[in-house]
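Take a look at the structure below.
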Amino acid sequence: MASSPRDRSRTRAEPQRVAEANGPDLRGPADPGRTAAAAIAAGLLGAVLVALAAPAGVVRPEAGAAVAAAAVVAVLGAVAAPVAALVAARRSPAVAGALTAGAGAVALGLLVLDLQLWARPVDANRLELFRPLTAAHLSAGPGAYAVLAGHALGVVAGLLGMLTVARASHGDGYGHSSYPDHDGASVGRRIGAGWGAGIVLAALVFAVASLAGPLRSSDPVLLVHPLVGSPPATAIGSALVVVAVLVVVAAALVSVAPGVAAGALIGAGTAAFGLSGSRLAAGAAAGDGVALAPGSVVAAVACAALVALGVSLPAVAAARARRGIAGLAGGAGAQSAAPSTRRSGKPTAKALAAAEAAARARVDRWHRRAGLAGIAAGLLAAVGALLPVLSVPDGLPQPQILATRVALVAAAVLVVASAWLLLSEFAALVRPAVGVLWAALVAAVAAVLQSVVVATDLPGVGPGPGAWVLGLATVAAAVTGLLAWCAGSAEREGIDTSVDTPPRRAVLLVGMPAAVVSVVALALPLYRGTGYGPDSVTHWPWGWDMWGRALFAVVVVVAVWVAAKARPARAAAGSLGAAAGMGVYLIGWPLTSGRVIDPVVGPGGVAAILGVAALTATAVVAVRVDRR
């Protein structure tokens, strides 16, 4: 029997609230505040262990006490970021996470530095932990395990900090700005090219200063070497600290949140100051054959500048946003005051034309600066290659350094490419190529300087005027790369970067193998000969030439990745610049192989040929993708 409507209404279910089955999991990602708290706890515990390392005894059986001033600076560098994160956590977990993430990146390099305490403690030169009194065998003590665990916890805190920032980035209002043009834009765009260049310059100065010897020692027990000649753990750890600072700076400038970018810079700067500042304090307070080295002074000042720029970054971004809002308000007021002309659209068109003209003029200025710096770097390299690069005793002939030929070629290529930056019609197209070629010049000059380093081991032989001019050319080339980056940032100010552009697969399919082959070419020798074994990546410690090639390899990989996301014409220019740089390296085979007997092509030569061809193909694919 069918039920009546009344009966059906009685059996209808009443609305009920459904209980949460899985609690917080239904609300999406976990609260970033919890992850930030874990990061802060790990960072604080790690700092405590670093502070306890020296009193616990880092080595045994016989070692002097740590230099007190250096130990204090090292502890302050370890504790600064987590304490600052603790203060910032209640107001902004993302900033707290960025502070621990920046410090954690540097802690990875410090962790590798600690391994020297087990390999050969007497060569560690960690005066903030202990001072060796004898060259006799030393073994790691409880303090060594404490400092290693402290830096390991710093790395863990950094990973948790990165997770905190990632979770916070999904929240509403992340990267928001009251100025519409800055809403969702990168920090580099918000603060302007000038401030961005200052941040990058501070990081580069720190990188260059870290290559020098951290201390000066006349103590026969303390043998202090520059980064190139240091033991493996010390050299790799120091290099990782430099790379960490550079990576944090790059990540901060592409971040969309000024507070997060500031936290990352402050965290990395304070942690790096814990290393360079402790060396500075050790040189000033150790006495007894130990003195300050210029490298530590410059590195510490660069870290302090990085921290200061990080502290001021939110205020700079806010000030630029206020100026932008004021400009918008002024334009709106002018339109309201003249409704009749507003309807015609003439004032708006004039204002837009004036703004576009000002933007073009600003970009042109950066192009000209990069072009002039590139021309100066090339001319300095050419002059240095033509001058005597060695000073020899009177009566002895001046030895011929064949690597100067490659430096001349690299200088000519950079001068020709940089000259196009002075022409506004072609500057934007050529700028990506110059952004790669400066590193090719550095690699070529580094090979010459390595020959100078080897020759100066002979009695009475020293660097000549050409060597000093080539050193200036290296600095000018690095400035060229920095200015080219600033010019690229100025070009992108008028482009909507709020939506991330995925890399083009076709460019990656050709470009990544090209980058891998190029890295292999730069890691292996171009040629071999009878009784001649050139440097390769497997020979340690690396010489200046190998470090120069490593720098160029990194730039080539970055250029390929950028090409996959760049506009087609600029992607092609960057790829062709990388191909030209690899061609300069490859031409070293016929120009310098005369120094060996029976030269034969090496694995690096074959890979370099493939690299030039593959990078050229990448440029072709980048353009053809657009035409389709």
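The values are calculated or read from the model by the stated rules, or taken from the named source; none is laboratory data. Since the structure is predicted, the reported quantities are computational estimates derived from the model, not experimental observations. Glycine also receives a Cβ, built like all others from the backbone with ideal geometry; neighbour counts cover every protein chain displayed. Keep in mind that these areas ignore ligands, DNA and RNA; they rest on the heavy atoms of the full protein, side chains included. Shrake-Rupley method; radii C 1.70, N 1.55, O 1.52, S 1.80 Å.
Assess whether LEU99 counts as being farther than 30 Å from GLY64 by Cα and either modelled with pLDDT of 85 or more or in a helix (DSSP H, G or I) (or both). Walk me through it before giving the result.
Numbers: farther than 30 Å from GLY64 by Cα: yes; either modelled with pLDDT of 85 or more or in a helix (DSSP H, G or I) (or both): yes.
Yes, satisfied.
From LEU110, LEU127, which residue is buried (at least 24 other Cβ atoms within 10 Å of the Cβ), in contact with a Leu (Cβ under 9 Å, 6 or more places away or on another chain) and outside any helix (DSSP H, G or I)?
LEU127
Which one of these is at negative phi and modelled with pLDDT under 85: ALA506, ALA467?
After ruling out the rest, the residue left standing is ALA506.
Sort through TRP561, TRP589, TRP547 and tell me the only one that's more than 17 Å from ALA417 (Cβ to Cβ) and modelled with pLDDT under 80.
TRP589
In region 148-202, which residues are outside any helix (DSSP H, G or I) and among the hydroxyl-bearing types (Ser, Thr, Tyr)?
If the condition is that a residue be outside any helix (DSSP H, G or I) and among the hydroxyl-bearing types (Ser, Thr, Tyr), then SER169, TYR174, SER177, SER178, TYR179, SER186 are the ones that fit.
Suppose we filter region 59-74 for residues that are open to solvent by 50 Å² or more (accessible area, probe 1.4 Å) and either in a helix (DSSP H, G or I) or over 29 Å from HIS137 (Cα atoms) (or both); how many remain?
So the answer is 2.
Looking at VAL245, VAL241, can you tell me which residue is modelled with pLDDT of 85 or more, within 18 Å of the chain's Cα centre (by Cα) and over 24 Å from SER186 (Cβ atoms)?
Exactly one residue qualifies, and that residue is VAL241.
Is it the case that ALA411 is within 20 Å of VAL448 (Cβ to Cβ) and open to solvent by less than 20 Å² (accessible area, probe 1.4 Å)? Reasoning before the result, please.
Details: within 20 Å of VAL448 (Cβ to Cβ): yes; open to solvent by less than 20 Å² (accessible area, probe 1.4 Å): yes.
Here the answer is yes, as ALA411 does meet what is asked.
Report, by residue number, each residue of region 30-58 that is outside any loop (DSSP other than H, G, I, E, B), open to solvent by less than 20 Å² (accessible area, probe 1.4 Å) and farther than 30 Å from ALA168 by Cβ.
ALA53
What are the pairs with Cβ atoms under 7 angstrom where one residue, in region 567-590, is touching a residue at least 12 places away in the same chain (Cβ under 8 Å) and open to solvent by less than 40 Å² (accessible area, probe 1.4 Å) and the other, located anywhere, is not in a helix (DSSP H, G or I) and not polar (S, T, N, Q)? Sequence gap at least six, or different chains.
That search, which allows pairs on different chains as well, returns GLY574/ALA566; GLY588/LEU526.
Can you pull out the residues in region 509-542 that are polar (S, T, N, Q) and modelled with pLDDT under 75?
Of everything in region 509-542, those that are polar (S, T, N, Q) and modelled with pLDDT under 75 turn out to be THR530, SER536, THR538.
From the set of residues in region 144-172 that are open to solvent by less than 20 Å² (accessible area, probe 1.4 Å) and either among the β-branched types (Val, Ile, Thr) or touching a strand residue (DSSP E or B) at 6+ places or on another chain (Cβ under 8 Å) (or both), which is nearest to GLY267 (Cα to Cα)?
Residue satisfying both the conditions and the ranking: THR164.
Here is a yes/no grid of residues against (1) within 18 Å of PHE206 (Cα to Cα); (2) within 26 Å of the chain's Cα centre (by Cα); (3) aliphatic (A, V, I, L, M); (4) not in a helix (DSSP H, G or I):
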{"site": "ALA261", "(1), (2), (3), (4)": "no, yes, yes, no"}
{"site": "ALA264", "(1), (2), (3), (4)": "yes, yes, yes, no"}
{"site": "ALA271", "(1), (2), (3), (4)": "yes, yes, yes, no"}
{"site": "GLY274", "(1), (2), (3), (4)": "yes, yes, no, no"}
{"site": "ARG279", "(1), (2), (3), (4)": "yes, yes, no, no"}
{"site": "VAL298", "(1), (2), (3), (4)": "yes, yes, yes, no"}
{"site": "CYS303", "(1), (2), (3), (4)": "yes, yes, no, no"}
{"site": "VAL316", "(1), (2), (3), (4)": "no, yes, yes, no"}
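Whether any residue in region 188-195 is buried (at least 20 other Cβ atoms within 10 Å of the Cβ), closer than 28 Å to ALA321 by Cβ, modelled with pLDDT of 90 or more and not hydroxyl-bearing (Ser, Thr, Tyr) is what I want to check. Step through it out loud before you land on a result.
Of region 188-195, the ones buried (at least 20 other Cβ atoms within 10 Å of the Cβ) are 188-191, 193.
Within this subset, residues satisfying the condition of being closer than 28 Å to ALA321 by Cβ are 188-191, 193.
Next, only the ones that are modelled with pLDDT of 90 or more stay: none.
There is no residue in region 188-195 that is buried (at least 20 other Cβ atoms within 10 Å of the Cβ), closer than 28 Å to ALA321 by Cβ, modelled with pLDDT of 90 or more and not hydroxyl-bearing (Ser, Thr, Tyr).
Quick check on my filter: what residues within region 258-307 are in contact with a Pro (Cβ under 6 Å, 6 or more places away or on another chain) and of a type in the set (Ser, Thr, Tyr)?
SER296
Can you tell me which residues in region 323-348 are at pLDDT 75 or above and exposed (fewer than 12 other Cβ atoms within 10 Å of the Cβ)?
ARG323, ALA326
Touching a helix residue (DSSP H, G or I) at 6+ places or on another chain (Cβ under 7 Å), surrounded by 24 or more Cβ atoms within 10 Å (Cβ to Cβ) and β-branched (Val, Ile, Thr), is that true of VAL479?
It is false that VAL479 is touching a helix residue (DSSP H, G or I) at 6+ places or on another chain (Cβ under 7 Å), surrounded by 24 or more Cβ atoms within 10 Å (Cβ to Cβ) and β-branched (Val, Ile, Thr).
Just one of SER210, SER276, SER230, SER296 is under 25 Å from GLY97 (Cα atoms) and either crowded, with 19+ Cβ neighbours inside 10 Å or among the hydroxyl-bearing types (Ser, Thr, Tyr) (or both); which is it?
SER276
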